[in-house]
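Okay, structure first, notes after.
The values are calculated or read from the model by the stated rules, or taken from the named source; none is laboratory data. Every value quoted in this text rests on a predicted model; they were computed, and no experiment measured them. Don't worry about glycine lacking a Cβ; one is built from the backbone with ideal geometry, like all the others, and counts go over all protein chains shown.
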Protein chains: 2
Amino acid sequence: MSVTELAQRARVAARTLATATRAVKDDALIAMADALVTRTDEIVRANGLDVAAAREQGTSESIIDRLALTPARLVAIADGLRQMAALADPVGEVVRGSTLPNGLQLRQVRVPFGVVGIIYEARPNVTADAAGLTLKSGNAVLLRGSSSAANSNAAIVEVLREAIAKTGLPADAVQLVDPSSRETVRDLMRARGLVDVLIPRGGAGLIRSVVEDSTVPVIETGVGNCHIYVDDTADLDMALSILLNAKTSRPSVCNAAESLLVHSAVAGEFLPVALAAFRNAGVTVHGTPDVAVLDEAVVPATEEDFATEYLALEISVAVVDSLDEAIEHITRYGTGHSEAIVTGSLAAANEFTARVDAAAVLVNASTRFVDGGEFGFGAEIGISTQKLHARGPMGLPELTSTKYVVTGAGHTR
Amino acid sequence: MSVTELAQRARVAARTLATATRAVKDDALIAMADALVTRTDEIVRANGLDVAAAREQGTSESIIDRLALTPARLVAIADGLRQMAALADPVGEVVRGSTLPNGLQLRQVRVPFGVVGIIYEARPNVTADAAGLTLKSGNAVLLRGSSSAANSNAAIVEVLREAIAKTGLPADAVQLVDPSSRETVRDLMRARGLVDVLIPRGGAGLIRSVVEDSTVPVIETGVGNCHIYVDDTADLDMALSILLNAKTSRPSVCNAAESLLVHSAVAGEFLPVALAAFRNAGVTVHGTPDVAVLDEAVVPATEEDFATEYLALEISVAVVDSLDEAIEHITRYGTGHSEAIVTGSLAAANEFTARVDAAAVLVNASTRFVDGGEFGFGAEIGISTQKLHARGPMGLPELTSTKYVVTGAGHTR
């Protein structure tokens with residue numbers, strides 16, 4: 001089926017979903033979870049085809065690990081759907097309301113977007129997560145996954161659609177877009193009027209291309225060139241612990257630290273300790289000359305290093321002479337994701353949080369906390385790095401729009 | 001100066017504006033208002049050049065009326081700026097906040113977008129309004145007005161910039177983009193990373209072209225093919241009064257009604273009265289055959305009529321057999337702006353407001369109320385008909401984004 005046909009079916013399904021009660025949607029989520037577990041065998045079998053094909057093509061084991069589904073992983077995915085059922089329904093929430101001076105009653109109410117398109121890369125768990133989140137928020141979803149996960153996604157979506165249909169909601173709440181052709185991505189990006197919002201999830205290249213070419217409104221997610229700034233008043237033990245956590249606890253994710261800035265007043269004391277810790281942890285350091293003199297393992301940092309999201313055990317390091325200089329550096333190289341200061345100074349904390357322009361600014365805490373789960377949202381469709389609509393971790397409310405409901409008694413103007 | 005240079009200056013100004021206190025911003029708004037009044041002569045003189053040029057080109061008097069500035073109109077524009085000073089500052093508002101189970105303090109705080117671009121047509125009052133609203137919300141603005149108002153806009157912006165600079169804020173808070181070339185619109189649309197959001201204000205053609213070609217996120221405003229649906233349980237006197245108000249009180253605006261749907265059970269009673277009232281008010285009716293038989297003045301309605309935003313004393317009229325059919329019609333032809341039902345039935349009201357997908361749905365009230373001023377927002381930058389970020393009348397909060405501020409005590413994950 002063409003993307004246009006899929007989108008038209010999604011629009012029809014969306015009308016039913018928009019007025020479905022939370023009870024009905026939660027029943028569907030539970031049914032989806034149960035079906036994923038019950039039909040584990042066929043999903044794992046389909047996934048086996050993708051894994052075998054990936055292996056044949058010489059795909060790296062780390063990517064194959066992301067692609068592979070096991071019974072235990074399907075249980076975890078199903079648990080995720082059950083947790084969504086326990087979350088509050090964003091639809092119907094009254095965001096703002098008042099009675100106007102003329103007696104008109106005004107309410108701004110959350111409503112679903114309608115049809116959400118998600119373009120993503122190899123992880124098949126995103127298929128079920130995205131289907132669950134969009135269904136809970138009353139939206140129909142068009143899933144355009146990676147061709148390398150084609151069999152896995154087809155099996156998962158088939159199982160989910162059957163489960164949804166059994167609860168009385170339209171199966172077209174969840175549809176898969178043909179992953180074998182680049183044209184379908186293009187068609188999604190041009191489906192203005194049929195698709196209400198596109199969310200690309202994946203590498204920087206994918207996101208950039210969607211953001212630049214889409215006529216459908218896009219929520220940009222992801223790229224995080226996150227900094228840890230160690231101020232001259234920082235508790236240096238705290239700084240080291242936050243730095244190591246932010247860099248090494250999970251280097252492949254967008255909220256991991258990619259760059260360290262140290263105030264010159266404490267650089268002499270802090271940097272040797274930090275560089276030794278990095279060496280122990282297997283982190284390659286790209287440093288300016290004043291950093292490089294401290295440790296022969298330091299690689300000279302280029303301009304490009306400071307602009308790089310390594311997503312690996314690598315970090316760029318620079319010494320700055322002031323808070324101002326740190327903020328200037330972050331303004332220049334940061335991607336507006338998550339930026340942290342370690343400081344004992346209230347004034348520095350306030351200055352940093354006020355002036356640094358990012359989705360999240362942190363004081364004396366690791367950037368790794370910038371996450372929908374950690375923020376208590378219960379689920380996350382991604383982390384927005386744009387300023388329009390949603391910024392930072394996106395939970396269920398971020399998958400909705402609003403509508404004004406105005407009630408009068410024959411009011412004219 | 002090129003759009004890129006202007007945008008870079010705007011970014012620098014935006015950093016100061018982002019942390020300016022409400023008191024400072026309000027001082028600037030008052031100074032702007034005072035200067036517009038004090039320097040009325042030079043603005044009116046500059047405007048005279050635009051008006052003379054428009055007249056020479058045979059521009060219609062109604063458009064010249066929109067273009068013309070008089071001392072009284074400048075006083076009204078200045079009063080608008082003073083009213084903005086009286087509004088609450090959206091910046092710094094804590095939208096959401098909690099202490100997480102691990103003790104991290106989480107706050108979601110409103111922050112300015114940064115740099116806002118506004119592309120608009122002939123009305124020079126928009127220049128001062130948009131400058132005031134963006135400044136109050138802590139944003140720098142790039143104003144790309146019409147070449148037909150070039151002299152007027154240049155004079156107004158010159159006056160505003162001087163007033164702003166005297167209060168200590170950067171004059172580059174407000175900058176004019178060269179209106180003489182189409183290239184500058186294109187440059188604004190391609191200034192991703194420098195301009196945070198674009199708001200086109202004007203005709204459907206302008207808005208469509210910006211929405212389709214911009215890589216900068218856009219807030220779509222305006223087109224309103226608004227319906228009045230008269231249900232079988234409607235108070236027909238109320239229906240007539242709402243209908244006439246919505247169609248005739250100001251036909252040129254986006255919240256005016258463009259289409260009437262009447263339930264067949266009351267069509268026989270209501271339509272003759274409505275058609276007579278339309279005739280009296282000079283409204284041309286485009287009707288389906290069952291409407292046309294009632295009055296020889298009725299013009300046969302084409303499919304295109306039902307999709308047309310007349311913005312004039314014209315209306316399309318159709319008879320429907322049910323609420324369902326009315327909702328189907330609105331779903332097909334509506335532009336998602338403002339849709340009204342006149343009904344005595346609570347069930348019909350609930351069904352209509354739940355199922356009609358529009359920025360505003362009204363029960364027993366004229367569509368003309370869908371307006372930032374009427375909604376009590378104090379000011380309005382436009383009416384969004386998109387679902388992302390803002391939907392319906394946009395006041396000051398809609399000119400902001402948010403930022404998460406996370407405060408810990410050495411928290412690691």
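All conditions in (1) farther than 28 Å from A:Asn151 by Cβ; (2) within 14 Å of chain B (Cβ to nearest Cβ); (3) without any contact (Cβ under 8 Å) to a residue 24 or more places away in the chain hold for A:Pro272, with the sole exception of (2).
Return the only residue of B:Glu183, B:Glu212 being away from every other protein chain (no Cβ under 14 Å), of a type in the set (Asp, Glu) and over 27 Å from B:Val361 (Cβ atoms).
So the residue among B:Glu183, B:Glu212 that is away from every other protein chain (no Cβ under 14 Å), of a type in the set (Asp, Glu) and over 27 Å from B:Val361 (Cβ atoms) is B:Glu183.
Evaluated against (1) surrounded by fewer than 19 Cβ atoms within 10 Å (Cβ to Cβ); (2) over 14 Å from B:Leu6 (Cβ atoms); (3) more than 14 Å from chain A (Cβ to nearest Cβ), B:Ala171 falls short on exactly one condition, (2).
Okay, residues lined up against (1) in contact (Cβ under 8 Å) with a residue 40 or more places away in the chain; (2) closer than 17 Å to A:Val405 by Cβ:
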| position | (1), (2) |
| --- | --- |
| B:Val361 | no, yes |
| B:Asn364 | yes, yes |
| B:Gly382 | yes, no |
| B:Thr385 | yes, yes |
| B:Val406 | yes, no |
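Among what's in the stretch A:267-279 and is within 14 Å of A:Val298 (Cβ to Cβ) and not aliphatic (A, V, I, L, M), pick the residue that is surrounded by the fewest Cβ atoms within 10 Å (Cβ to Cβ). Taking the candidates together, the pick is A:Pro272. Residues that are among the aliphatic types (A, V, I, L, M) and part of a helix (DSSP H, G or I) within the stretch A:287-335 comprise A:Val291, A:Ala292, A:Leu323, A:Ala326, A:Ile327, A:Ile330, listed in sequence order. For the stretch A:219-240, name all the residues that are facing chain B (nearest Cβ under 8 Å) and at pLDDT below 95. Listed by number, the list holds a single entry, A:Ile219. Looking across the stretch A:119-159 at every residue that is of a type outside the set (S, T, N, Q) and free of Cβ contacts under 8 Å to residues at least 60 places away in the same chain, the one that is nearest to A:Arg9 (Cα to Cα) is identified as A:Leu143.
For the stretch B:336-413, the strands (runs of 3 or more DSSP E) that sit wholly inside it and include 3 or more residues that are more than 7 Å from every other protein chain (Cβ to nearest Cβ) are B:338-342, B:382-384. Considering only the stretch A:208-218, state which residues are buried (at least 21 other Cβ atoms within 10 Å of the Cβ) and not in a loop (DSSP other than H, G, I, E, B). Scanning the stretch A:208-218 gives A:Val210, A:Val218.
If I go through the stretch A:276-294 residue by residue, how many of them are free of Cβ contacts under 8 Å to residues at least 24 places away in the same chain and in contact with a Leu (Cβ under 6 Å, 6 or more places away or on another chain)? Before you say what the answer is, go through the steps one by one.
Residues of the stretch A:276-294 that are free of Cβ contacts under 8 Å to residues at least 24 places away in the same chain, as a first pass: A:276, A:279-280, A:289, A:292-294.
Imposing the further condition that a residue be in contact with a Leu (Cβ under 6 Å, 6 or more places away or on another chain) reduces the set to A:294.
The qualifying residues number 1.
Sort out which residues of the stretch B:228-249 are of a type in the set (A, V, I, L, M) and either within 29 Å of B:Pro393 (Cβ to Cβ) or crowded, with 24+ Cβ neighbours inside 10 Å (or both), and write them in order of number. Answer for the stretch B:228-249, where residues must be of a type in the set (A, V, I, L, M) and either within 29 Å of B:Pro393 (Cβ to Cβ) or crowded, with 24+ Cβ neighbours inside 10 Å (or both): B:Ile228, B:Val230, B:Ala234, B:Met238, B:Ala239, B:Leu240, B:Ile242, B:Leu243, B:Leu244, B:Ala246.
Residues in the stretch A:319-362 that are among the β-branched types (Val, Ile, Thr), surrounded by 18 or more Cβ atoms within 10 Å (Cβ to Cβ) and either more than 15 Å from A:His263 (Cβ to Cβ) or touching a Leu at 6+ places or on another chain (Cβ under 9 Å) (or both): A:Val319, A:Val320, A:Ile330, A:Thr335, A:Ile341, A:Val342, A:Thr343, A:Thr353, A:Val356, A:Val361. One residue stands out in the stretch B:1-10 among those that are closer than 12 Å to B:Ala191 by Cβ and surrounded by fewer than 19 Cβ atoms within 10 Å (Cβ to Cβ): the one that is nearest to the other protein chains (Cβ to nearest Cβ), namely B:Gln8. Would you confirm, using the coordinates I've provided, whether B:Leu29 is crowded, with 22+ Cβ neighbours inside 10 Å and part of a helix (DSSP H, G or I)? In short, yes. Scoring A:Val44 on the criteria (1) surrounded by fewer than 14 Cβ atoms within 10 Å (Cβ to Cβ); (2) over 23 Å from the mean Cα position of the chain (by Cα); (3) over 18 Å from A:Asn139 (Cα atoms); (4) modelled with pLDDT of 95 or more leaves a single failure, condition (1). Residues of the stretch A:402-413 include none that is among the small types (Gly, Ala, Ser), buried (at least 24 other Cβ atoms within 10 Å of the Cβ) and modelled with pLDDT of 95 or more.
For the stretch B:83-102, filtered to residues that are away from chain A (no Cβ under 11 Å), touching a residue at least 60 places away in the same chain (Cβ under 8 Å) and within 25 Å of A:Gln386 (Cβ to Cβ), the residue that is surrounded by the fewest Cβ atoms within 10 Å (Cβ to Cβ) is B:Glu93.
Given the criterion touching a residue at least 40 places away in the same chain (Cβ under 8 Å) and under 20 Å from B:Gly114 (Cα atoms), identify the matching residue among A:Thr331, A:Thr335, A:Thr308. Spell out the reasoning first.
Numbers: A:Thr331 fails: touching a residue at least 40 places away in the same chain (Cβ under 8 Å); A:Thr308 fails: under 20 Å from B:Gly114 (Cα atoms).
Result of the check over A:Thr331, A:Thr335, A:Thr308: A:Thr335.
With the condition kept exactly as written, say whether any residue in the stretch B:145-163 is within 16 Å of the chain's Cα centre (by Cα), within 20 Å of B:Thr221 (Cα to Cα) and buried (at least 19 other Cβ atoms within 10 Å of the Cβ). Looking for residues that are within 16 Å of the chain's Cα centre (by Cα), within 20 Å of B:Thr221 (Cα to Cα) and buried (at least 19 other Cβ atoms within 10 Å of the Cβ), one finds at least one in the stretch B:145-163, hence yes.
Of the residues B:Ser252, B:Ser316, B:Ser264, the single one that is at negative phi and either crowded, with 24+ Cβ neighbours inside 10 Å or within 12 Å of chain A (Cβ to nearest Cβ) (or both) is B:Ser316. Each residue in the stretch B:47-73 was checked for being surrounded by 21 or more Cβ atoms within 10 Å (Cβ to Cβ) and among the charged types (D, E, K, R), and 1 of them qualify. The residue that is nearest to A:Ala340 (Cα to Cα), among those in the stretch A:226-257 that are among the acidic types (Asp, Glu) and in a loop (DSSP other than H, G, I, E, B), is A:Asp231.
Does B:Gln105 satisfy the condition of being within 14 Å of another protein chain (Cβ to nearest Cβ) and either at pLDDT 95 or above or closer than 23 Å to B:Ser148 by Cβ (or both)? Yes.
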